[in-house]
Amino acid sequence: MPTPLPATRSARAAAVLATAAALSLAAMAHDDGHHRGRLPQLSPAVPGALVGTCESLTARLAGLPNTVITAASSVAAGELTLAGVPVPAHCRVTGRTHERVSPVDNKSYAIAFEMRLPVAWNGRFWHQGNGGIDGSVVTASGTFGGGPTTGALLQGFAVLSSDAGHTLAQGGPAFGLDPQARLDYGYQAVGKLTPMAKQLMSVAYGKEPDRSYFGGCSNGGRHTLVAAARYADQYDGFLAGAPGYNLPLAALANIFGAQQYARVATADPSTPPGLETAFTAAERKMVAGAVLGRCDALDGAVDGLIQDTRTCQSRFNLFRDVPTCAGTRDGTCLTQAQKLAIAPIFKGATTSNGERFYAGFPYDSGLGAGGVPFWEFTAPLALDSGAVGVIFKVPPSALALTNGPQFSLTLDIDAALAELYAANSLYSESAMSFMTPPDATDLNDLRRRGAKVMVYHGVSDPIFSVQDTEAWYRGVDHRSGGRAEQFARLYNVPGMGHCSGGPATDQADFITPLVAWVERGKAPAHIVATARGPGNAGGVNAEVPVGWSANRTRPLCPYPSVARYKGRGDIELASSFTCITRDDGHDRHGH
Ligand SMILES: [Ca+2]
């Protein structure tokens, strides 16, 4: 049984019966400075097994409220593989919950889902948050990052995945015209699925999960941090990758970027290749090389990775360190006009009067990587247009549905920013209300009940800024009275792009250390990450530089500490590095 948790939201109703004195003692135990290390310790999950046949679940789940089970079928061991790894035998249940017809667009909506229930269950639930604008039931695997050396399903979790209340087949972002579909995408699908999934597991296994986890990358990372704030009483552990926790602002910032690029494009900026003429592949690689030239050695190892991102930002200067073209652009220089267009994107998107509304992006070694052009030159014309114009803005824009490039390139950024915070009689919640955590940095409910949150973010992520996530972490620390390290970790991944890829060590297992922290109180220090060079079983990352060992390892250090070469030892191995915290100029060892 879980340890009693007097201060949790769910236990508050029961606590009404307790005396006021007992309540205040409980509060002191959690909040008094003398007890900073003594958060409740959640008990470990106890494994279980499926009760009855998988196929019989269709009938046995008929009583789930508001829910239709469409199939339950056995998946034999090895029938599903994840990056070449055979998945153990499990039962796949598919269904729809909260079916309805929209009074606004007259379309049918439901929250479609699948649950994969291992025959040999570890007693845990994993709610998988998916990416993009949701809209499809991605395989419920609970895998993360580059090559999934492991994943929740492989570890024996029962894993849930959903479309968050709409199908892209119905018209991409057009679901944004329906107010309820917006809210389901933002957070309400998670709120509806959670009790349904727990009830489903109690039928399938004869008990509800002992421990529940939530995780995903990108929009899935956003779902995770939203759940950490809104549904802290329902989950014990959270793993957020590249969390777009300010997703509407990030999408608008990316449109701001497209408008900057359009000013210096030499071909039609309303097409991705045309927009890319503003900052070509050769030029991006050249700038990445200039950043490495200034910053690679700061961590003690000239190894193609910049561990000390923060110091790098004060050492590298785009205007000084990148040659200004004297004549024709040939990939070895940028024109002054290009520098003036590109620098504000890295500095952070602003309104017309210079007010910054989204974080800047650090100069890092991965800005020349292969994943960059999709996010910089395709997404603003094809994805951010639909997201901002149809799903987020109040009121939505008809133009965004029919002509994304024109919408984005002519968008009044100031007006759109206001519309991300706007609501009206039809759209009762603004995008910033339904897409972001209600109070993003207040995770005290989560903290007090002994839950934990781990976050990782690529430093070279071109769509969601690692600096935005760092600001979130600092805010969490502040709001918890300087106690973030008791329950939260942020791991930056130098060189990594959005969720994976880039010249980086992008493969790591965060699930095992998260479970050890939640259920055994083993606080994680650094995480060892591996590059996916030639021969990698989980899938080769073509961005790994040829000079690197195929299996290079690095410690991912808990923010704000950063990795530093010890000065001796194999430069390809994590063990040759240590995590240090730069604190008022003094290096403090982090682990
Ligand atoms: Ca280095």
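The values are calculated or read from the model by the stated rules, or taken from the named source; none is laboratory data. No experiment lies behind these values; they were computed from the predicted model shown. Every residue, glycine among them, receives a Cβ derived from its backbone with ideal geometry; neighbour counts consider all protein chains shown.
Odds and ends about this structure:
- The residue of region 291-321 that is farthest from the ligand (Cβ to nearest atom), among those that are closer than 19 Å to residue 371 by Cα and in a helix (DSSP H, G or I), is 291.
- Considering residues of region 145-174 that are hydrophobic (A, V, I, L, M, F, W, C) and not in a loop (DSSP other than H, G, I, E, B) only, the residue surrounded by the fewest Cβ atoms within 10 Å (Cβ to Cβ): 169
- Residue ID - surrounded by the most Cβ atoms within 10 Å (Cβ to Cβ), chosen from residues in region 474-524 that are among the aliphatic types (A, V, I, L, M) and not in a helix (DSSP H, G or I): 496
Here is a yes/no grid of residues against (1) over 30 Å from residue 212 (Cβ atoms); (2) modelled with pLDDT under 95; (3) part of a loop (DSSP other than H, G, I, E, B); (4) under 27 Å from the mean Cα position of the chain (by Cα):
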residue	(1), (2), (3), (4)
389	yes, no, no, yes
399	yes, no, no, no
416	yes, no, no, yes
432	no, no, no, yes
438	no, yes, yes, yes
441	no, no, yes, yes
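- Some residue of region 214-233 being hydrophobic (A, V, I, L, M, F, W, C) and surrounded by fewer than 24 Cβ atoms within 10 Å (Cβ to Cβ): yes
- Single condition residue 142 does not satisfy, out of (1) buried (at least 24 other Cβ atoms within 10 Å of the Cβ); (2) on the phi < 0 side of the Ramachandran plot: (2)
- Test: residue in region 175-191 that is buried (at least 24 other Cβ atoms within 10 Å of the Cβ) and either farther than 25 Å from residue 107 by Cβ or at pLDDT below 95 (or both): no
- Summed over region 351-384, the residues that are within 22 Å of residue 505 (Cβ to Cβ) and not in a helix (DSSP H, G or I) give a count of 7.
- Count of region 395-432 residues which are free of Cβ contacts under 8 Å to residues at least 40 places away in the same chain and in contact with a helix residue (DSSP H, G or I) (Cβ under 9 Å, 6 or more places away or on another chain): 13
- Of all residues in region 372-415, those satisfying the criterion of being more than 22 Å from residue 353 (Cβ to Cβ) and of a type in the set (Ser, Thr, Tyr) are 378, 385, 397, 402.
- Subset of region 191-223 [assigned to a helix (DSSP H, G or I), under 17 Å from residue 247 (Cα atoms) and not small (Gly, Ala, Ser)]: 219, 222, 223
- Among the conditions (1) part of a loop (DSSP other than H, G, I, E, B); (2) closer than 30 Å to residue 53 by Cα, residue 232 misses just one, which is (2).
- Residue match in region 326-339 (condition: in a loop (DSSP other than H, G, I, E, B), more than 13 Å from the ligand (Cβ to nearest atom) and either in contact with a Phe, Trp or Tyr (Cβ under 9 Å, 6 or more places away or on another chain) or aliphatic (A, V, I, L, M) (or both)): yes
- Test: residue in region 277-289 that is within 16 Å of the ligand (Cβ to nearest atom), assigned to a helix (DSSP H, G or I), out of contact with any strand residue (DSSP E or B) (no Cβ under 6 Å at 6 or more places or on another chain) and modelled with pLDDT of 95 or more: yes
Conditions (1) of a type in the set (D, E, K, R); (2) within 30 Å of residue 446 (Cα to Cα); (3) outside the structural domain of residue 370 (by TED's automatic domain parsing); (4) buried (at least 17 other Cβ atoms within 10 Å of the Cβ), marked per residue:
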site: 536; (1), (2), (3), (4): no, no, yes, yes
site: 542; (1), (2), (3), (4): no, no, yes, no
site: 549; (1), (2), (3), (4): no, no, yes, no
site: 552; (1), (2), (3), (4): yes, no, yes, yes
site: 556; (1), (2), (3), (4): no, yes, yes, yes
